[in-house]
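S.K.: Structure below; questions to follow.
The values are calculated or read from the model by the stated rules, or taken from the named source; none is laboratory data. For clarity, every value in this text was computed on a predicted model and none was experimentally measured. Please note: Cβ atoms are built from the backbone with ideal geometry, for glycine as well, and neighbour counts cover all protein chains shown.
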Amino acid sequence: MIIEIIATTLKEAIDIETAGADRIELVSGILEGGLTPSIGLIELVCNTVSIPVNVMVRPHSKSFIYDSKDLEVIYKDILEISKTKANGIVFGALNRDKTINFQALNKVLELKGNLKLTFHRALDSTENIKDEFKKLITYNIDTILTSAGENKVMENIPLINEFYHEGKKANVTVLAGSGLNPDNVPQFLKESNVEEIHLGSGVKFERNNLNEIDLELLRNLVKSVN
């Protein structure tokens, strides 16, 4: 089982590796759903931890619909990230009709070089998620981060399993996320077939109005699933 945890700071990234998680999704603006972190943070994290780091590429939180200027920023960020030790990027874009923006995806695939590509939860905001998923897995992407709809992933287990099997045939990994925490992960893994899970706030606690990685909680989660 691969466990991916969201980090927003260098300390969180170190804590995630210390706790035994397998991979980091590095973001800024976690309360806005995750935005592109600074190049300084990307470089420091990738040069400090030894586990893979996938970097969010999302210029704003208005929506997953990007105009030409937004896309300029996205493409520039990807070129800069490709110069770091990052393992991959996390990207998704939609058209105004709530279909996937495959034109932008093609450009990202062209620019990413050796970076792995995770298509993120923009998929969950599409009008017809089953059709869009089937199209998406025909592209040269590595992973799809999804809850199989706009609800939390625990509510969408049958569709997550369907996606898992379809993705496996196309050599695309389904990374399940949204609403997972140490309390519900055992049930989720019992009912689902996925081999990779994604957690954020589920492994954090409040201290002095700051969300911090709960090392003991994360360590116990890692032990429980491996």
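S.K.: Which residues, taken from segment 86-104, are touching a Leu at 6+ places or on another chain (Cβ under 6 Å) and surrounded by fewer than 15 Cβ atoms within 10 Å (Cβ to Cβ)?
M.R.: None; the set is empty.
S.K.: On to the next question. Quick check on segment 136-151: of everything there that is more than 14 Å from the chain's Cα centre (by Cα) and assigned to a loop (DSSP other than H, G, I, E, B), which residue is nearest to Ser63 (Cα to Cα)?
M.R.: Ranking the candidates gives Glu150 first.
S.K.: Please work out if Asp124 is outside any loop (DSSP other than H, G, I, E, B), in contact (Cβ under 8 Å) with a residue 40 or more places away in the chain and under 16 Å from the mean Cα position of the chain (by Cα). Step through it out loud before you land on a result.
M.R.: Numbers: outside any loop (DSSP other than H, G, I, E, B): yes; in contact (Cβ under 8 Å) with a residue 40 or more places away in the chain: yes; under 16 Å from the mean Cα position of the chain (by Cα): yes.
When the stated conditions are applied, Asp124 passes them.
S.K.: Out of Lys83, Lys62, I need the residue that is modelled with pLDDT under 95 and either exposed (fewer than 14 other Cβ atoms within 10 Å of the Cβ) or not in a loop (DSSP other than H, G, I, E, B) (or both). Which one? Spell out the reasoning first.
M.R.: Working: Lys83 fails: modelled with pLDDT under 95.
From the options Lys83, Lys62, the qualifying one is Lys62.
Let's see how each residue does on (1) in a strand (DSSP E or B); (2) farther than 17 Å from Ser178 by Cα; (3) among the basic types (Lys, Arg); (4) touching a residue at least 12 places away in the same chain (Cβ under 8 Å):
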{"residue": "Ile16", "(1), (2), (3), (4)": "no, yes, no, yes"}
{"residue": "Gly40", "(1), (2), (3), (4)": "no, yes, no, no"}
{"residue": "Val45", "(1), (2), (3), (4)": "no, yes, no, yes"}
{"residue": "Val55", "(1), (2), (3), (4)": "yes, yes, no, yes"}
{"residue": "Lys69", "(1), (2), (3), (4)": "no, yes, yes, no"}
{"residue": "Glu72", "(1), (2), (3), (4)": "no, yes, no, no"}
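Conditions (1) small (Gly, Ala, Ser); (2) within 13 Å of the chain's Cα centre (by Cα), marked per residue:
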position	(1), (2)
Ala7	yes, yes
Cys46	no, no
Ile65	no, no
Asn87	no, yes
Leu109	no, no
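S.K.: Scan (1) part of a helix (DSSP H, G or I); (2) touching a Ser or Thr at 6+ places or on another chain (Cβ under 7 Å) for the single condition Phe133 breaks and write down its number.
M.R.: All conditions pass for Phe133, except number (2).
S.K.: Cβ contacts < 8 Å: first residue assigned to a loop (DSSP other than H, G, I, E, B), restricted to segment 201-220; second residue modelled with pLDDT of 80 or more, any location; separation 6+ or different chain. Result?
M.R.: Once the first residue is assigned to a loop (DSSP other than H, G, I, E, B) and sits in segment 201-220, its partners that are modelled with pLDDT of 80 or more give Asp214/Val203; Asp214/Lys204.
S.K.: Continuing with this model, one more query. Would you pick out the residues in segment 174-187 that are in contact with a helix residue (DSSP H, G or I) (Cβ under 7 Å, 6 or more places away or on another chain), without any contact (Cβ under 8 Å) to a residue 40 or more places away in the chain and surrounded by fewer than 19 Cβ atoms within 10 Å (Cβ to Cβ)?
M.R.: First pass over segment 174-187, keeping only residues in contact with a helix residue (DSSP H, G or I) (Cβ under 7 Å, 6 or more places away or on another chain): 174, 176-182, 184-186.
Remaining after also requiring without any contact (Cβ under 8 Å) to a residue 40 or more places away in the chain: 174, 176, 179-181, 184, 186.
Selection gives Gly179, Asn181, Asn184, Pro186.
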